[in-house]
Amino acid sequence: MPLILSEEQEMLQDAANGFLAEKAPVSAFRKVRDNKPADGFCRELWSEMAEMGWAGIIVEEEHGGSGFGYVGAGVLAEQMGRNLTASPFFSTSVLGATAIQQYGTEKQKEENLAAISSGEKLYALAVDEGPRHNPSRIAFSAKPSGNGFTLSGAKTFVADGHVADKLIIAARTSGEQGDPQGITLFLVDANAPEITREYTPMVDSRNAANISIDGLEVTGDDILGELDGGYGALEGILSAGRAVLSAEMSGSAQQVFGVTTDYLKEREQFGQKIGSFQGLQHRAAHLATEIEMMKSAVLKSLKDLDADFDNAGMTCSLAKAKTGQVAQLATKEAIQMHGGIGVTDEYDVGLYFKRVHVAQQMFGDAGFHSDRWAKNSGF
Amino acid sequence: MSDLENFRTEVRAWLQENCPEEMRDGDITAENQCWGGRQWEFQSEAQKVWFERALAKGYTVPTWPKEYGGAGLSADEAKILDEERQAIDARKPLSNFGISMLGPALLAYGTHEQKAQHLTAIARGEIRWCQGYSEPGAGSDLASLKTKCEDKGDHWLINGQKIWTSNADISDWIFCLVRTDFDAPKHKGITFILMDMASEGISVKPIVLISGHSPFCETFFDNVKVPKSYGENNASVVGEVNRGWDVAKNLLVHERGMLGTMSPLRGTSGPESLGKYAAEKIGLDASGRLDDPALRQSIAQAELDNWAYNLTVERLTDEANAGNGLGAKSSMLKYAASELTKRGTELRMDIEGTTAATIGEDGIEYGSLANNWLYNRAYSILGGTTEVQFNIISKRVLGLPSQ
């Protein structure tokens, strides 16, 4: 399969680009940031996105989605990364939809996928329990009780956790911290009284929450996937998240690089365009090369998810590792090459710098993924 | 089934039937490739058989027209052939500068007669070519070259010197940039000319590098007479006189494309996975990690970068096949490949530690890790330095202004 977009995917890209530039450009994100609505995003915009089929982009048509797969989701995420669009697309349409479509029972699919595709319900995935991403260290407890389990524990950095209608919680039903066996995923109502949610907006003004649960009773019907065998499902959901997040970061990096090269072509210092200085040209050429490498890794991971979901884990790690490094380099260089204006709040490049930092922390940074690659390769 | 799927099935069967087991060794290096030329001797019966079978099928130069010895494959078909060949780890039946550099330039700029003579000989592995571009005073600033070519009526008279002429000592012919007009602006007085290395007045001297060995030579031209024509419409000059820079630029794109499609962490000796190699040499700790955390991280990063690079070669090739030419992006591949190649051998040297840092009685052994490590320093210099590639990327890809 060639490593390029199909005609249909290119059309989706053009449509997304046009829509977002008009309805959700960086200036709209600034408004959300400055006005601080309780949701942290614009509900009307999300409804419009859902109407265009974006909320159900990976959901199959039989469940009300538009069936575009992960390449489609990546195409949208890339454009959102270019515009810094604030929406629950990632938490709901990528993580939530993947969890249910890949691992849900028929009943769970019926109950949830249409609600996702219509934009009606929001979902969040609760994995991490500390400042660094580490899904193998899950301690959150799910103790057998009666016909089901009692959930107790705390989760950090749950994207859109403050507004989600449903939570997917990775909990330990058996084994010790560090065991891959013994993890179970639960799909629970986020508004249960045993659940406390603390909104923790991030440095990039995106939404996350700390969530603590104290004695929530759930039943076997609330299990998503297999009892004690949820780690594999978690890995699958994380893979999809990593690939689509990489696409978003790739969009941010490409956008910020474009803004920077435009600036190099017009800004004058010492009586010349600064883009004519070899010191800057060579750094730009290096970065341009790295951006090409990043784009290939991202597209490959999305294509792999569509072609063979269960075996795409390592290309998704590649995408996240490569994108983490390149997008950070792109935003750092953008600030430095812009000089003083680059560190002002009024100018956009700083927003990308902050966004990329948070996205890099999410679901593993470059170091996490090169470690994962090494372990998987036997060294 | 689509035509391409049919083609894949056919190619797979053909390779299975025709590529000898011995030619599927997975460790493809400069040393074990078949280079061809007047002085060529096959290294084994299997290499000869493989070459002859591929030749009969047009697969030594699969995309070239059939009339010049190719198989006339489309880009998509050639990609399939390459994928299927790599899937069984088969070596290329023939590889040399004639195929990768001169051929494409002749296809673009040559007359029918030039193509008939030279392309056919390249396809058949009869003539080994070398490239006369760099001069002692004109390396990265290639267009400042001074080798003088004078019009003497029925022939050209050439005087001057080339340097870094890879394999000039074992090549049969040279494609060369010479100056035919010293008064014109420097890009406008250059001509692209072909000559037989056996011509009177050409002499060659190998250059010893820090690695102790090298394919590089100095090539001297002392009143060399080159006929204007090797037959009717078969001029020794390719393209127009004084317009050789156009041909050279076209050829450089192919050279960078070729240098940029090397598999960087491979082809340096040893297995593809540096990590596994390190695990064998150094051992693992109790948690199954390489017993040297900093080295482990460097290796993992290099392997991931190598993977992203290979995917980029694939993606840019697919884009080129879909109609968006590679163009100056070949400079990106050239730059990335040379850096990765250097990183690969540096990491191998680190993995081997002091073991690899020894010297034999006869100096640094040819083909040894230390030899490759030292030689690889040249990758970011030859074919245009990294800095020259950066200049090209800045101007031709990014459109940044000139000073």
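What the table below lists for this structure:
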quantity	calculated
All positions within region B:359-403 that are of a type in the set (S, T, N, Q) and either within 8 Å of another protein chain (Cβ to nearest Cβ) or more than 22 Å from residue B:343 (Cβ to Cβ) (or both)	B:389, B:391, B:394, B:402, B:403
Residues of region B:219-244 satisfying the condition of being of a type outside the set (Ser, Thr, Tyr), modelled with pLDDT of 90 or more and open to solvent by 40 Å² or more (accessible area, probe 1.4 Å)	B:220, B:222, B:223, B:225, B:227, B:228, B:240, B:241, B:242, B:243
Flag for residue A:30 being within 21 Å of residue A:347 (Cα to Cα) and either basic (Lys, Arg) or under 18 Å from the mean Cα position of the chain (by Cα) (or both)	yes
Any hit, region B:278-287, residues being part of a helix (DSSP H, G or I), open to solvent by less than 30 Å² (accessible area, probe 1.4 Å) and at the interface with another protein chain (Cβ under 10 Å from one of its Cβ atoms)	yes
Test: residue in region A:283-297 that is within 14 Å of chain B (Cβ to nearest Cβ), within 15 Å of the chain's Cα centre (by Cα), assigned to a helix (DSSP H, G or I) and under 30 Å from residue A:138 (Cα atoms)	no
Residues located in region B:188-212, provided they are in contact (Cβ under 8 Å) with a residue 40 or more places away in the chain and open to solvent by 80 Å² or more (accessible area, probe 1.4 Å)	B:188, B:210
Cross-chain or 6+ apart pairs with Cβ under 8 Å, region A:348-371 first and away from chain B (no Cβ under 14 Å) and over 26 Å from residue A:27 (Cβ atoms), then part of a helix (DSSP H, G or I) and of a type outside the set (Gly, Ala, Ser)	A:363/A:238; A:363/A:242; A:363/A:245; A:363/A:320
Helices (runs of 4 or more DSSP H) within region A:2-60 that include 3 or more residues open to solvent by 80 Å² or more (accessible area, probe 1.4 Å) and within 17 Å of residue A:89 (Cα to Cα)	A:43-51
Those residues of region A:162-186 which are over 16 Å from residue A:136 (Cβ atoms) and in contact with a Lys or Arg (Cβ under 6 Å, 6 or more places away or on another chain), in sequence order	A:162, A:165
Selected residue [hydrophobic (A, V, I, L, M, F, W, C), over 22 Å from residue A:376 (Cβ atoms) and surrounded by 24 or more Cβ atoms within 10 Å (Cβ to Cβ)] from A:253, A:312, A:297	A:253
Qualifying residues in region A:257-282 (those that are at the interface with chain B (Cβ under 7 Å from one of its Cβ atoms) and not hydrophobic (A, V, I, L, M, F, W, C)) - the one nearest to residue A:233 (Cα to Cα)	A:261
First in region B:310-329 and of a type in the set (Asp, Glu), second anywhere and part of a loop (DSSP other than H, G, I, E, B), Cβ under 7 Å, 6 or more apart	B:314/A:3; B:318/A:2; B:318/A:3; B:318/A:4; B:319/A:4
Qualifying residue in region A:329-336 (condition: closer than 25 Å to residue A:269 by Cα and hydroxyl-bearing (Ser, Thr, Tyr))	yes
Single unsatisfied condition, residue A:153 versus (1) assigned to a strand (DSSP E or B); (2) buried (at least 23 other Cβ atoms within 10 Å of the Cβ); (3) in contact (Cβ under 8 Å) with a residue 60 or more places away in the chain	(2)
Output for region A:167-178, where each listed residue is open to solvent by 10 Å² or more (accessible area, probe 1.4 Å) and touching a residue at least 12 places away in the same chain (Cβ under 8 Å)	A:172, A:173, A:174, A:175, A:177, A:178
Which numbered condition residue B:63 misses (of (1) within 30 Å of residue B:368 (Cα to Cα); (2) open to solvent by 20 Å² or more (accessible area, probe 1.4 Å))	(1)
Criterion (among the acidic types (Asp, Glu) and open to solvent by less than 30 Å² (accessible area, probe 1.4 Å)) met by exactly one of B:314, B:303, B:352	B:303
Filter result for residue A:11 (modelled with pLDDT of 95 or more and over 17 Å from residue A:96 (Cβ atoms))	yes
Some residue of region B:325-345 being surrounded by 16 or more Cβ atoms within 10 Å (Cβ to Cβ) and more than 21 Å from the chain's Cα centre (by Cα)	no
Entirely in region B:111-164, the strands (runs of 3 or more DSSP E) that have 2 or more residues that are on the phi > 0 side of the Ramachandran plot	none
Test for residue B:392: is it at pLDDT 90 or above, farther than 25 Å from residue A:314 by Cα and out of contact with any Phe, Trp or Tyr (no Cβ under 8 Å at 6 or more places or on another chain)	yes
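The values are calculated or read from the model by the stated rules, or taken from the named source; none is laboratory data. Note that the structure is a prediction, hence the values are computed from the model and not measured. Backbone-built Cβ (ideal geometry, glycine too); neighbour counts: all protein chains shown. These accessible areas exclude ligands, DNA and RNA; they are computed on the full protein's heavy atoms, side chains included. Shrake-Rupley method; radii C 1.70, N 1.55, O 1.52, S 1.80 Å.
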